Amino acid sequence: MVPAVIVFIIASSSVVGAFLLWDRIAAGIARRRLDDRLRDVGKALEAVAETTVLKQAQEGALPAIERMVARTPAGPRLTRLIEQSGKRTTASAIVIASFASAIVLSLIVGHFVHAPLVGPVASILGFSLPTLFLIRCRTVRIRQFEEQFPEALDLLSRALRAGHAFQTALGTAAEELKEPVSVELKKVFDQQNFGLPLNDALKELAERIPIVDVKFFVTAVAIQRESGGNLAEILDNLAHVVRERFNVLRQVRTHTAHGRFTGFVLLALPAALAVGLSWVAPDQMDLLFKEPLGQMMIAVAIVMQTVGFFWIRHVIKIEV
């Protein structure tokens, strides 16, 4: 029974991890497409700043590992992921945790399951666990920001109607709102206070919070600063659009809940059946894990389950 449970955990975690990786790649492609559409507008709004604000990289307890990670191609992406997740950690801590998790998980799985490729698969899974945790934290944080963003736009609009400057309105919104919106607006407010041009501070906000609504907000503010107009009315309209989009997104999630539940059930059903058969007929299930043909069948089943899971997610995924 124990090998079946471990194989179920490894298979399920691998599928979910692969889906998160694929979803991140798809989101990156969508962001690049949006950036291409907004590039023409951004080129007209870019201004060369005489002064700049130097950002100091946060170093952990092991600066040598921190510098080594920073030199790798994945270093900046990992640093950005930590910043977007809102966790107070460093890249060196994540790397150390990844190696430790890989060693511990491979030792535990290797102790219970004596099969080829189980150890390497467990090591890869264990190494990816801290990164998957950061991705999950980033997803939750961005969703919270997306929910609170219309309220922030309304507060900025009311402050502008009351006669405050946009920079002052940012500071007011940062004090009145909850995290994570307050933290991100506070960063923008502090950056422009320390000399960074407002357009550049807003562009960094769009990089930290990679959602379409923030890109529209940054573009709208930049255009208004260049060409003029009623910024309060623009923010009101943008808040209305964001709320309507979020309501539609919630309805889509409600209507596709059955499909998502079906995907998870189909993913867990073979593993649950294997656990039940291990309890009822352990001798027969041992052949599945020990014989080469049985191991091949398990590998084929994992591949087919992965393909089916991604196919169901593709069917129920609706872009809003």
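The values are calculated or read from the model by the stated rules, or taken from the named source; none is laboratory data. Since the model is a prediction, treat every value here as computed from it, not as a measurement. When we count neighbours, we look across all protein chains shown, and the Cβ atoms used for this are built from the backbone with ideal geometry, even at glycine.
What the table shows:
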quantity	calculated
Members of segment 263-284 that are in contact with a helix residue (DSSP H, G or I) (Cβ under 8 Å, 6 or more places away or on another chain) and more than 30 Å from Arg313 (Cβ to Cβ)	Gln284
Pairs with Cβ under 9 Å, 6+ apart, first in segment 230-243 and in contact (Cβ under 8 Å) with a residue 12 or more places away in the chain and in the same structural domain as Phe166 (by TED's automatic domain parsing), second part of a helix (DSSP H, G or I) and among the basic types (Lys, Arg)	Leu231/Arg225; Ala232/Arg158; Ala232/Arg161
Residue in segment 121-130 that is touching a Pro at 6+ places or on another chain (Cβ under 7 Å) and either in contact (Cβ under 8 Å) with a residue 60 or more places away in the chain or in the same structural domain as Ile234 (by TED's automatic domain parsing) (or both) present	no
Pairs with Cβ under 8 Å, 6+ apart, first in segment 262-273 and over 13 Å from Ala301 (Cα atoms), second part of a helix (DSSP H, G or I)	Thr262/Ile312; Gly263/Gly308; Gly263/Phe309; Gly263/Ile312; Gly263/Arg313; Gly263/Ile316; Ala272/Phe8
Some residue of segment 213-220 being touching a helix residue (DSSP H, G or I) at 6+ places or on another chain (Cβ under 9 Å), in contact (Cβ under 8 Å) with a residue 60 or more places away in the chain, of a type in the set (Phe, Trp, Tyr) and part of a helix (DSSP H, G or I)	yes
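Every residue, every condition in (1) buried (at least 20 other Cβ atoms within 10 Å of the Cβ); (2) of a type in the set (A, V, I, L, M); (3) modelled with pLDDT under 90; (4) farther than 27 Å from Arg243 by Cα, yes or no:
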{"residue": "Val104", "(1), (2), (3), (4)": "no, yes, yes, yes"}
{"residue": "Ile108", "(1), (2), (3), (4)": "no, yes, yes, yes"}
{"residue": "His111", "(1), (2), (3), (4)": "no, no, yes, yes"}
{"residue": "Phe133", "(1), (2), (3), (4)": "no, no, no, yes"}
{"residue": "Arg143", "(1), (2), (3), (4)": "no, no, yes, no"}
{"residue": "Lys178", "(1), (2), (3), (4)": "no, no, yes, no"}
